[in-house]
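K.L.:
Just dropping this structure here.
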């Protein structure tokens with residue numbers, strides 16, 4: 001039997017909401033959130049679940065007390081939740097098996113990057129079985145807290161490597177589409193060059209001194225055609241016309257405030273600290289092992305904070321760049337439509353369409369980098 005609450009985050013949330021809403025409405029709010037999202041009624045809540053409920057309450061508070069007070073409440077509550085997450089691991093059911101952990105052998109993958117994920121899953125299974133064995137033993141009950149942190153840390157490591165695997169596939173898909181974009185841009189450029197050469201040839205026949213420009217135009221046209229003859233068979237031009245991905249994620253969301261305490265390296269360092277405290281016994285925090293573990297935890301938190309802030313800032317830059325480029329691409333598309341409807345000359349229309357392709361290609365690159373950055377963040381800061 002665990003000496004800790006089986007659902008500590010639900011109890012924390014209930015207590016926090018009771019201060020604002022009263023005990024009854026707090027409980028009803030939690031039940032409504034659980035039912036609306038389809039969560040199992042008996043499942044213990046985690047930090048991300050709590051954030052979701054807090055955001056529900058925040059929307060209600062904005063209507064009742066105004067944006068200012070609601071914003072302040074959400075900010076203070078989220079900071080308190082982050083501090084709580086630093087001291088209380090996400091609840092784990094543990095393994096139902098008793099006895100020492102003995103995970104079955106894993107099947108090795110065919111690719112080198114499969115191995116870290118398989119290893120992480122094996123460690124997670126070992127941690128789950130260890131927690132189950134500790135909970136079933138009165139002699140080891142004082143080790144339960146450290147074992148719970150171990151479970152959370154190993155699960156975070158699994159998500160880290162699962163994210164790496166997903167990012168590998170995502171980057172491959174992105175590269176395929178980006179190449180298609182470049183080929184489509186080259187095709188638009190080839191059209192501009194063909195029309196430009198034709199215009200220069202007419203100018204040369206009329207006696208204008210355009211020999212150098214004409215030679216350069218023909219050279220560029222032949223090089224572009226050579227590029228297209230090589231790459232067009234390798235891609236699907238339909239990929240270049242796929243809609244741009246959405247980049248509307250709110251990067252200022254309060255959920256990112258939980259990034260540091262849920263980072264895999266921080267969770268591993270916190271497990272090490274809890275284990276060191278268990279080993280120290282009566283010596284407590286004064287023992288050298290505990291002091292060293294506290295120092296390592298501090299370093300892990302600083303490194304995690306720097307990594308998360310750097311990734312968030314990169315995502316923000318990609319998001320801003322995308323929004324500017326997407327707006328420009330829309331304007332160019334509208335210009336091309338107006339010129340075509342007005343019967344404009346072919347070379348001017350081809351130039352606008354080339355600029356539209358170039359702008360759209362650049363926008364997609366920014367959208368892809370944004371998507372990769374946010375997916376990387378999700379793999380680091382999600383508890384499940």
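K.L.:
Per 0.36 nm of contour for each residue apart, how much would the distance between residue 44 and residue 80 grow if the chain were fully extended, relative to their Cα-Cα spacing?
P.N.:
So the chain would gain 11.0 nm between residue 44 and residue 80.
K.L.:
Let me ask something additional. Can you give the Rg to Rh ratio of the range 163-381, both from alpha-carbon atoms, with Rh computed by the Kirkwood formula?
P.N.:
A ratio of 1.25.
K.L.:
Any number yet on Rg/Rh for the chain, C-alpha, Kirkwood?
P.N.:
On the Cα set of the chain, Rg over Rh gives 1.14.
K.L.:
Using a basic spin-label model with each label point 7 Å from the Cα along Cα→Cβ, how many nm lie between residue 241 and residue 118?
P.N.:
4.4 nm
K.L.:
Could you grab the relative contact order for the chain? Cα pairs under 8 Å, six or more apart, rounded to a whole percent.
P.N.:
Relative contact order comes out at 19 percent.
K.L.:
Fewest Cβ neighbours within 10 Å first, please rank 241, 250 accordingly.
P.N.:
250, 241
K.L.:
I've got another one for you. Taking only DSSP H segments of four or more residues, each worth -39500 (n - 2.57), what value at 222 nm results for the chain once the sum is divided by all its residues, to the nearest 500 deg cm²/dmol?
P.N.:
Mean residue ellipticity at 222 nm (helix-derived): -26500 deg cm²/dmol.
K.L.:
A further question follows. Using 0.36 nm times the number of residues separating residue 172 and residue 313, minus their current alpha carbon distance, what extension gain do you get?
P.N.:
48.4 nm is the gain from fully extending residue 172 to residue 313.
K.L.:
Also, I was wondering about something else. When all alpha-carbon pairs of the range 8-87 are counted, what percent fall beyond 22 Å?
P.N.:
In whole percent, the share of Cα-Cα pairs in the range 8-87 beyond 22 Å is 19.
K.L.:
Quick one: go through the range 344-378 and flag any residue whose amide nitrogen is under 14 Å from the point 7 Å out along the Cα-to-Cβ line of residue 218.
P.N.:
Taking a point 7 Å out along Cα→Cβ of residue 218, no residue of the range 344-378 has its backbone N under 14 Å.
K.L.:
Only counting other Cβ atoms within 10 Å, I'd like 216, 368 sorted with the fewest neighbours first.
P.N.:
The most exposed by this proxy come first: 216, 368.
K.L.:
Using just the Cα positions, wrap the range 171-247 in a convex hull and report its mean projected area in square nanometres, one decimal place.
P.N.:
6.5 nm²
K.L.:
Rounded to the nearest 0.05, what FRET efficiency do residue 320 and residue 37 have when you use their Cβ-Cβ distance and R0 = 41 Å?
P.N.:
That pair, residue 320 with residue 37, gives E of 0.85.
K.L.:
Note down the nm distance, to one decimal, between modelled labels 7 Å out along Cα→Cβ at residue 330 and at residue 7.
P.N.:
The answer from the label model is 4.5 nm.
K.L.:
So how far, in whole Å, is the C-alpha centre of the range 263-324 from the one of the range 183-233?
P.N.:
Each part's Cα centre sits 57 Å from the other's.
K.L.:
Turning to a different aspect of this structure: Could you check the simple spin-label distance between residue 232 and residue 253, using points 7 Å along Cα→Cβ, in nm with one decimal?
P.N.:
Rounded to a tenth, the inter-label distance reads 4.3 nm.
K.L.:
For 287, 340, what's the fewest-to-most ordering of other Cβ within 10 Å of each Cβ?
P.N.:
340, 287
Coordinate-derived values only; no laboratory data. Model, not experiment: these values are computed from the prediction. Cβ atoms come from the backbone with ideal geometry, glycine included; neighbour counts cover every protein chain shown.
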